[in-house]
Amino acid sequence: MEHTHIVARFDKDIKRIEKLLLKMAGLAVEQMEMATTALETHDTALSEKVVKGDKEINALEARIDELAVRLIALRQPMAEDLRLVVSTLKISTNIERFADYAKTMALRVPAVADGKPVESATKTIKRMSRLVVEMMQDAIKAFMARDLDLASATHARDQSVDQMNSALFREMLTYMLENPRNIEAATHLLFIAKNLERAGDQVCNITEQVSYLVTGEIFENRDA
């Protein structure tokens, strides 16, 4: 009976943490979408909203850390239960960093807004953003469902993000060579694309935590 009671309390605590994790991921996705819209429309007021919104995500990460550490101290989970708590801690960090890249994008909007629009680059960035947002949503779904197949498929989609980033780099290099006055705007767009590529890397880290949770190993080590 006591063991059953302990398990029930652990399940209640972990569900509380997972609920906060879902909220945090939802906010991070909203941040990325708003930052992308701000870039596309040169909306500096919206970009400022993204910057200010980062505080809520940081607060959620701190709360998840606090609850997870408390859970480990009080419940002393073992084996799969311990892996779950550790994975949750790491995923919250990945989500926070994902949101940081949205904030960085937003911080560059005023500089880009003052320059001549580069429509092709903006369209590429919009596609990259849409993809990393969809990847984040699927990675969180995979975590909640312990779905290794969805996690693996999401992980593989990061190649498309990398390819778009490389293509944009070549395009912007040509753009800068054509006219030195294009250098500033192109440089900002390159940094934004690089941040999106890194946001995709954070999603990959989440999918690897799903693999760790389900199998005890991350993807890159499973076939070794």
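Things worth noting here:
- The angle separating the long axis of helix 158-178 from the principal Cα axis of greatest extent in the chain is about 20 degrees.
- On Cα atoms only, tilt of 119-145 relative to the major axis of the chain in degrees: 0 degrees
- Largest-first ellipsoid semi-axes for segment 2-222, taking √(5λ) over the Cα gyration tensor eigenvalues, angstrom: 38, 19, 11
- With the simple model of a label 7 Å out from the Cα in the direction of the Cβ, residue 78 to residue 37 spans 5.1 nm.
- Shown here: segment 108-224, whose C-alpha atoms stretch 53, 27, 17 Å along the first, second and third principal axes, sorted largest to smallest.
- Here segment 36-55 and segment 162-224 have alpha carbon centers that stand 21 Å from each other.
- Listed pairs 49/194; 23/52; 49/141 exceeding 19 Å between Cα atoms: 49/194; 49/141
- Spin-label pair residue 174/residue 30, simplified geometry with 7 Å Cα→Cβ offset, distance in nm: 4.0 nm
- Compared with the direct C-alpha span, the chain from residue 152 to residue 69 gains 27.0 nm at full extension, assuming 0.36 nm per residue.
- Principal-axis analysis of the Cα atoms of the chain puts helix 79-113 at an angle of about 20° to the longest axis.
- Distance-filtered residues of segment 70-103 - backbone nitrogen under 16 Å, label point 7 angstrom along residue 58 Cα→Cβ: 93-103
Coordinate-derived values only; no laboratory data. As the structure is a computational prediction, the values presented were derived from the model and not from experiment. All Cβ positions, even for glycine, are placed from backbone atoms using ideal geometry, and neighbour counts span all protein chains on display.
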